[in-house]
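**Q** This structure is in structure tokens; I'll ask about it shortly.
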There are 2 protein chains.
Amino acid sequence: MARWQPDARGRLEAAALELFGERGFDQTTVTDIAARAGLDKRTFYRLFGDKREALFSGSGHLEEILVKAVTETDADPFEAVITAFRRVAQVIFADRLELIRVRHSIIEASPELQERELRKIGSLTAAVAATLRAKGLHETTATLAAESGITVFRVAYARWVAPGSDASLADLIAETATELRTIVSAWGRGG
Amino acid sequence: MARWQPDARGRLEAAALELFGERGFDQTTVTDIAARAGLDKRTFYRLFGDKREALFSGSGHLEEILVKAVTETDADPFEAVITAFRRVAQVIFADRLELIRVRHSIIEASPELQERELRKIGSLTAAVAATLRAKGLHETTATLAAESGITVFRVAYARWVAPGSDASLADLIAETATELRTIVSAWGRGG
């Protein structure tokens, strides 16, 4: 039984991911998840609206760390967002590659879950842009830095969860940001 | 009666936008749209699945022009995407600001239509990335150039449809691409 976090929420999330990976999302019930975590259904429903929520409940925590990191830095906006994502990579993702690969493959298999993931990414982007605006940045600058940072994160994340990858997510984020800089630098300079 | 295109499809799209703007999306029926265009309901359903489709049928045309423009250029990938969007701006958007403002406000007012718009943007991004890969670019480069180009287009588009704006969409795309270059250039160079 997975006990990678001592709390009920973490145990239920890990149990859900294990079962989704073993049996498929549709074939897993809330009762199964609670039993695997050594808890009851009532505890599950106290913490999650439905079994889908067990796949997405980490995103509030991610947003919190990201917004805090963007708020606290004095760096330029894009650097601020990239540095914040690298912190998130270390705090939330680093030790969980196998569970996150399971989560990724479950979401990839379901258009409904993909759409939910896209909505979560949309609200994450909006939160980062709002944080940059609150620091006094112009609307356009804030949106471009937030959107580009999210693009870098998504590309790095896709490379990280791909089979056979062995670089750290934080390193892939830095590498992808550098590649974006190279690509975008070519604009308007002839070529 | 709007007759900004001589064909039935264009007349129905324009009639739909006018009526959505006047009465709201929910209060407009397919019968109303057909009548405003001087056509019958059967003609509408021959061309569109439902009234929502009348808001989105232009996106196939947009994708076609965009993919063609990206395919035909020898420029660097980001430059290729930006140049292609500027062509789209001239061919599809330039003369239709008022209708597009109506369309924009209808979509903004409906979470369901926003989601559909996001899906269309997602498939547009995928089509551009696939076109760049077909030109021999690496997966990461193709994705970053496509995503960044779409980000620039979306930001420029939002500035263009905003009340009081008077710059052309093509100019706003170039200006926004330059701003993105400035923002992203700061990465990893201290700051």
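**Q** Mind checking the angle between helix B:58-72 and chain B's longest principal axis? C-alpha axes, 0 to 90 degrees, to the nearest 10.
**A** Helix B:58-72 sits roughly 30 degrees off the main axis of chain B.
**Q** 7 Å from Cα along Cα→Cβ at both B:Gln90 and A:Gln27: what's the point-to-point distance in nm?
**A** 5.7
**Q** Okay, next question. Looking only at other chains, what is the average number of their beta-carbon atoms within 10 angstrom of each beta-carbon in B:109-117?
**A** So the per-residue partner count for this stretch is 1.
**Q** Relative contact order for segment A:8-50: what is it in percent, counting Cα pairs under 8 Å that are at least 6 residues apart?
**A** 40
**Q** Taking 35 Å as R0, compute the FRET efficiency from the Cβ-Cβ separation of A:Arg119 and A:Arg189 and round it to 0.05.
**A** So the FRET efficiency works out to roughly 0.40.
**Q** If one puts a single equal scatterer on every Cα of chain B and applies the Debye formula without solvent, what log₁₀ I(q)/I(0) results at q = 0.08, 0.10, 0.14 Å⁻¹?
**A** Those come out to -0.30, -0.46, -0.84, one per q.
**Q** Could I ask something else about it? Could you work out the relative contact order of segment A:57-185? I mean the mean sequence separation of Cα pairs under 8 Å and 6+ apart, divided by the number of residues, in percent.
**A** 32
**Q** Hey, can you find the accessible area per residue of the protein assembly as shown for me, probe 1.4 Å, expressed in square angstrom?
**A** I get 47 Å² per residue for the protein assembly as shown.
**Q** Tell me which lysines have Cα within less than 20 Å of B:Lys68's Cα, excluding those fewer than 8 residues away on the same chain?
**A** Within the straight-line cut-off, B:Lys68 pairs with B:Lys120, B:Lys135.
**Q** Probe radius 1.4 Å, ligands and nucleic acids left out: can you give me the accessible area buried at the A-B interface, summed over both chains, in Å² to the nearest hundred?
**A** That pair of chains buries around 3300 Å² in total.
**Q** What order, most packed first, do the peptides A:76-87, B:176-187 have when packing is the mean number of other Cβ atoms within 10 Å of each residue?
**A** A:76-87, B:176-187
**Q** Where does helix A:111-134 land angle-wise versus the long Cα axis of chain A, in degrees 0 to 90, nearest 10?
**A** Taking Cα atoms only, the helix is inclined about 50 degrees.
**Q** May I pose another question? Among A:112-118, B:138-144, how do they line up by average Cβ neighbours within 10 Å per residue, starting with the highest?
**A** B:138-144, A:112-118
**Q** With springs only between Cα atoms under 10 Å apart, run a GNM on chain B and tell me which of B:Gly149, B:Gly49, B:Gly24 wobbles the most.
**A** Fluctuation is largest for B:Gly49.
**Q** Moving to a separate point now. Using helices alone, I'd like the mean residue ellipticity at 222 nm for the protein assembly as shown: each DSSP H run of four-plus residues gives -39500 (n - 2.57), total over residue count, nearest 500.
**A** Rounded to the nearest 500, it is -23000 deg cm²/dmol.
**Q** Once neighbouring chains are kept in place and the probe is 1.4 Å, which whole percent of the accessible area of segment B:6-60 is contributed by carbon and sulfur?
**A** Of all accessible area on segment B:6-60, carbon and sulfur atoms account for 48 percent.
**Q** Still on this structure, I have one more. Going by average Cβ density within 10 Å per residue, which order do the peptides A:90-103, A:121-134 take, highest to lowest?
**A** A:121-134, A:90-103
**Q** Specify the angular offset, from 0 to 90 degrees and rounded to the nearest 10, of the alpha carbon long axis of helix B:139-161 from the longest principal axis of the alpha carbons in chain B.
**A** 50
The values are calculated or read from the model by the stated rules, or taken from the named source; none is laboratory data. Please read all numbers here as calculations on a predicted model, not as lab measurements. FYI the Cβ positions are ideal-geometry reconstructions off the backbone, even for glycines, and counts take in every protein chain you see. Quick note on the areas: whole protein, heavy atoms, side chains included, nothing else; ligands and nucleic acids left out. Shrake-Rupley method; radii C 1.70, N 1.55, O 1.52, S 1.80 Å.
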